[in-house]
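Asker: Take a look at the following structure, please.
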Amino acid sequence: MGTVPKAWTKDAAARRKRPTVYKGVDLEQEAWRYCQALGYKRNVELQVVHSARLGSEGRQWLMVTKLTIGYEADLAHVLETLLHEICHATHMDHSEAFISLCVHAARDIWGITIDGWDKVEQGKASCRAYAVDEFLRHRLAEKLAAGEYRPVQFTHSP
């Protein structure tokens, strides 16, 4: 797996104190933003675990979203995974209805559109929903780099 960078171990105490903050972004507030855009009556409960693994992954169970963030995960990957898992709160599998929900949420929240999303092919992904995720993640990374989407920044309490 390799060695965990010193910077990762150096700020471990801060991650334990406020695990829902990643790269300065308040993931709890982002989750609230996503829930509002999806028309949910209440927010999901967000549980964040930091891991020495790469990337990020998530699990959804009822209205609890568990997000695991690896030390080299980029912000676009984390935010897209968060949205993907919050879309699962409606108890959908990776069906066409689920993909439609993700695509429309990405349009409403991030301003990302996929023309002909229903024709996106699975390719090397294990399902079509993951292929759409890859596209959204790539476009979100571009928007973040260009400053076209600003996630909710964590501000320290006085």
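The values are calculated or read from the model by the stated rules, or taken from the named source; none is laboratory data. All figures in this text were calculated on a predicted structure; none of them were measured in a lab. Using ideal geometry, Cβ is built from the backbone for each residue, glycine included, and neighbour counts are taken over all protein chains shown.
Asker: Exactly one condition in (1) exposed (fewer than 15 other Cβ atoms within 10 Å of the Cβ); (2) of a type in the set (F, W, Y); (3) modelled with pLDDT of 90 or more is not met by W32; state its number.
Answerer: Unmet for W32, out of (1) exposed (fewer than 15 other Cβ atoms within 10 Å of the Cβ); (2) of a type in the set (F, W, Y); (3) modelled with pLDDT of 90 or more: (1).
Asker: Can you spot a residue in the stretch 104-115 that is within 15 Å of the chain's Cα centre (by Cα), among the basic types (K, R) and within 22 Å of A141 (Cβ to Cβ)?
Answerer: Checked against the condition, which is being within 15 Å of the chain's Cα centre (by Cα), among the basic types (K, R) and within 22 Å of A141 (Cβ to Cβ), the stretch 104-115 yields at least one hit.
Asker: Do we find a residue being out of contact with any Leu (no Cβ under 6 Å at 6 or more places or on another chain), of a type in the set (K, R) and more than 18 Å from D26 (Cα to Cα) anywhere in the stretch 89-109?
Answerer: Within the stretch 89-109 (the criterion being out of contact with any Leu (no Cβ under 6 Å at 6 or more places or on another chain), of a type in the set (K, R) and more than 18 Å from D26 (Cα to Cα)), the answer is yes, since at least one residue qualifies.
Asker: Got at least one residue in the stretch 31-54 being assigned to a helix (DSSP H, G or I), polar (S, T, N, Q) and more than 18 Å from D133 (Cα to Cα)?
Answerer: As a first pass, look at the stretch 31-54 and keep what is assigned to a helix (DSSP H, G or I): 31-37.
Retained after the next criterion (residues that are polar (S, T, N, Q)): 36.
Narrowing the set further to residues that are more than 18 Å from D133 (Cα to Cα) leaves 36.
The answer is yes, given that some residue of the stretch 31-54 is assigned to a helix (DSSP H, G or I), polar (S, T, N, Q) and more than 18 Å from D133 (Cα to Cα).
Asker: Given the condition more than 19 Å from G39 (Cβ to Cβ) and not polar (S, T, N, Q), answer yes or no: does some residue in the stretch 101-114 qualify?
Answerer: So far as the stretch 101-114 goes, yes, one or more of its residues are more than 19 Å from G39 (Cβ to Cβ) and not polar (S, T, N, Q).
Asker: Next question, about the same structure. In the stretch 107-132, which residue that is out of contact with any helix residue (DSSP H, G or I) (no Cβ under 6 Å at 6 or more places or on another chain) and acidic (D, E) is surrounded by the most Cβ atoms within 10 Å (Cβ to Cβ)?
Answerer: Out of the qualifying residues, it is D118.
Asker: In the stretch 57-101, how many residues are under 11 Å from the mean Cα position of the chain (by Cα) and either under 19 Å from H138 (Cβ atoms) or surrounded by 23 or more Cβ atoms within 10 Å (Cβ to Cβ) (or both)?
Answerer: 20
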